[in-house]
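Okay, so here's the structure we're looking at.
Derivation of every value follows stated rules applied to the coordinates shown; laboratory data play no part. Quick caveat: nothing in here was measured; it's all calculated off a predicted structure. All Cβ positions, even for glycine, are placed from backbone atoms using ideal geometry, and neighbour counts span all protein chains on display.
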There are 2 protein chains.
Amino acid sequence: MNLKQIGEFGLINRIAKDIKTDKSIIVGVGDDAAVLEYSRKEYLLLTCDMLVEDVHFLRKANPADIGWKAVCCSVSDIAAMGGEPKWLVVSIGLPKNLTVKYIDGIYSGIKKAASKFNVNIVGGDTVSAAKLTIDVAMIGIVRKQDIKLRSGARLGDAIFVTGALGNAVKSGRHLRFIPRLKEAEILVNNFKVHSMMDISDGLSGDLRHILEMSKVGAIIYEKYLPKAKGATTESALAEGEDFELLFTASKKEARRIIENFQRMSNTKATCIGEIIKPGFGLIMIDKNKRPVQIKPKGYDHFA
Amino acid sequence: MNLKQIGEFGLINRIAKDIKTDKSIIVGVGDDAAVLEYSRKEYLLLTCDMLVEDVHFLRKANPADIGWKAVCCSVSDIAAMGGEPKWLVVSIGLPKNLTVKYIDGIYSGIKKAASKFNVNIVGGDTVSAAKLTIDVAMIGIVRKQDIKLRSGARLGDAIFVTGALGNAVKSGRHLRFIPRLKEAEILVNNFKVHSMMDISDGLSGDLRHILEMSKVGAIIYEKYLPKAKGATTESALAEGEDFELLFTASKKEARRIIENFQRMSNTKATCIGEIIKPGFGLIMIDKNKRPVQIKPKGYDHFA
C-alpha cells in the first residue's frame, strides 16, 4: 500500500488509532484544535500547522508573507474553536543557502502576525533543512460555554461561510489572509452557533468533516456560493486555503445572523444551504437546479 | 551576511529580539521550555523539537526509532525544567515515496514513547514534504516550587551530569535514548537543584547557556567527564545528542546527591566541576592538569 492509496485522512486516522488518552482531553485528534482541561471556566486549545517550501509556498514568495501565514493558520484554528490565541512556539527548518535578510523577512512576518493577534512568541527550534519548513504550535484559551466543535451541527441548521471562497492560491490570498478571529468572537458573543470550523482544505472536504462528526447530511446551493474574484465553482468548493469560517446555526438564529452579522463585523456571512438527514451525504443544487452528489474531495496532500 | 556567519544561536537571538510578551510569560525564549502562568500552584511548560531527514537521521534508520526520538526530545526538555509531560501535537512532513509500512513504523515509535512517558497525543498536521520532517510540540506541567531554570546556578555550585556523554550518533543512542524524566523527578523531589537543562547540543555549548543565563563561569575536569563507550573527550564535550541532565547544586547538596542519587535512580550522576566567578568563561583542567579555555562550541546547525 502506498500513500496515494490511503490519502491524507487515511494517514490521520492511522495515527489517531489506538492512542490512549486520559480524562484531561475533552476533544483530541479530529477538530481544528485539541480541547484540554484547564480551569473551572476555561479550556486550553492546542493546534499546529506545518508549512513546507514547494508544497505550501515557493521560495520566491515574500518571506514576510510566509511568516505571516505560518502564524495565521493556527490563529484561524483557534478562532474556529471559539477561542483566543495566547502562546506559540515555532520550529523552523532553514536551508543553508538562505540569506539572513530573507530569514529576517520570515521572522518579521511571524512577529507581525503574533503582535496583530495578541499571541506571545515563547520559544521554538531552529534547525537546518533542505526545504524551508515552518511549524507553529499554538495554545489558545476558550470559555467552556463558547467552545465550537465540528460535531455540533443539528438537523435543519443553516450553513454559513464568511467572506468569499476560491482562487486563494493564484490570487496570493493564501499567504496574506486575515484569520477570522474577530468574526469568530462576534459570532460566539452574539449568536448561538452550533458547529464551526475553518476552511483550509476546501469547502466540500471541510463541510464533510462537520457532516461526519455531527452524523448529518447537507444540501448546498451553487447559486449562493460566495466566490472570490476569479474563482470557479470548482475552486470555491475544493481548492482550499480560504481560511474562512464555516458554521451552522438554527434557522431562527440564521435570520438574526443575516440581519446583524455584517453590520457588526464588516465581513459577509452567506447562508449556502442547510443540514439534512444523514445518508444523503453532501448534495449541491447546481445552477440548473439539478442535484449533484459532491464527492468529499478537498485538498489531499497525498492524492 | 549568511547563515554560517551568524550561526544557530545568532538566529535564535534574532527571532527573540523585540518580541512583545505579556505578564503570562514567566520565562520565554531561551530555556528548555517556555514557562507560562497556569494555576495557583502550577506552571505550564511549552516546547517544540523538529527532526529533519538527512540532518537528524537517515531514511535507512528504523522508523520506530525516529518516531521515538521525536517525542523523547521534548520529554527531555520538560524533564529538564522539573516538569511532567502532559499533551503533544505532532506535525509530520512525509515524502510521497514512503511506504505505509514505514509511516506506520514512525507512528508506532511516537505512540510507544507517548505511552511510556504518559503524554497524550491530542492532534497534529500531516503534509507532504521532500524530506521526512517531524515536529513535536509538547505541553508539560510543573509545580511552581519545582521549576528548574538555566539561570539558577550559583557561585560555588557543583556541576553534575547524568549518565555518560559522547558517541551518541555513531552508537545509535541518539535515536533510542531514554529521556531522564524519572531522574529529574528524583532530583526535584529529593534534592535542592539550583539550575538544570538537558544536553542536546553538547556539554560545552549547553553548559555555556547555564553560564550565560546565570552570569557565572565554570571549571570542569577532563578526568571526571563520564564518557560513553567509544567516546573521546572532544565527542563528550561537543558532539551533542546525549539528552542527559546537566545540573548544579550547592557543595553541601552535592555530597547528598553523590551519596544517594545513584541508589535511588539506577543512573549515575557525576560531579564534573564547579561554578566560579564570571569572566573566566568555561575552563577545563585537562589530563595533564593544565587549564584550557573551552570555546563555547556545541553542535551548530549552520556552522
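Odds and ends about this structure:
- Relative counts (whole %) of C-alpha pair distances in the stretch B:190-303, using bins that are 5 Å wide: 2, 11, 21, 26, 21, 14, 4, 1, 0
- Over the protein assembly as shown: helical MRE at 222 nm, DSSP H runs n ≥ 4 each giving -39500 (n - 2.57), nearest 500: -10000 deg cm²/dmol
- By the equivalent-ellipsoid construction on the alpha carbon gyration tensor, the stretch A:188-245 comes out with semi-axes of 20, 14, 12 Å, ordered largest to smallest.
- Using the alpha-carbon positions of the protein assembly as shown, Rg (one decimal) and Dmax (whole number) come out as 25.3, 90 Å.
- P(r) tail fraction, the stretch A:175-215 - alpha-carbon pairs more than 12 Å apart, %: 66
- At R0 = 30 Å, FRET efficiency that the Cβ-Cβ distance of residue B:224 and residue B:295 yields, to 0.05: 0.90
- Panel order for B:78, B:106, by other beta carbons found within 10 Å of each beta carbon, from fewest to most: B:106, B:78.
- Computed over all pairs of different Cα atoms, the Kirkwood value for the hydrodynamic radius of chain B is 19.8 Å.
- Coordinate range along principal axes, alpha carbons of the stretch B:7-109, Å, largest first: 47, 34, 21
- Spin-label pair residue B:17-residue A:182: with each label point 7 Å from Cα along the Cα-Cβ axis, the two points sit 3.1 nm from one another.
- Computed E for residue B:155/residue A:101 - FRET, C-beta separation, R0 56 angstrom, nearest 0.05: 0.85
- Kirkwood-Stokes translational diffusion coefficient of the stretch A:86-172, alpha-carbon pairs, 37 °C, 0.692 mPa s, µm²/s: 199
- Taking each residue as 0.36 nm, the span from residue B:5 to residue B:262 lengthens on full extension beyond its C-alpha to C-alpha distance by 88.3 nm.
- Working from label points 7 Å from Cα in the Cα-to-Cβ sense, the residue A:232 to residue A:41 distance is 5.1 nm.
- The length gained on full extension between residue A:59 and residue A:189, counted as 0.36 nm times the residue separation minus their Cα-Cα distance, comes to 42.8 nm.
- Across B:116/B:215; B:69/B:229; A:23/B:268; A:86/B:111; A:17/B:182; A:112/A:182, pairs whose alpha-carbon gap is larger than 26 Å: B:116/B:215; A:23/B:268; A:86/B:111; A:17/B:182
- Cα gyration tensor, the stretch B:1-54 - rounded (a/c under 1.5), prolate or oblate: oblate
- D (Stokes-Einstein, µm²/s), Kirkwood Cα radius, the stretch B:43-201, 0.890 mPa s at 25 °C: 150
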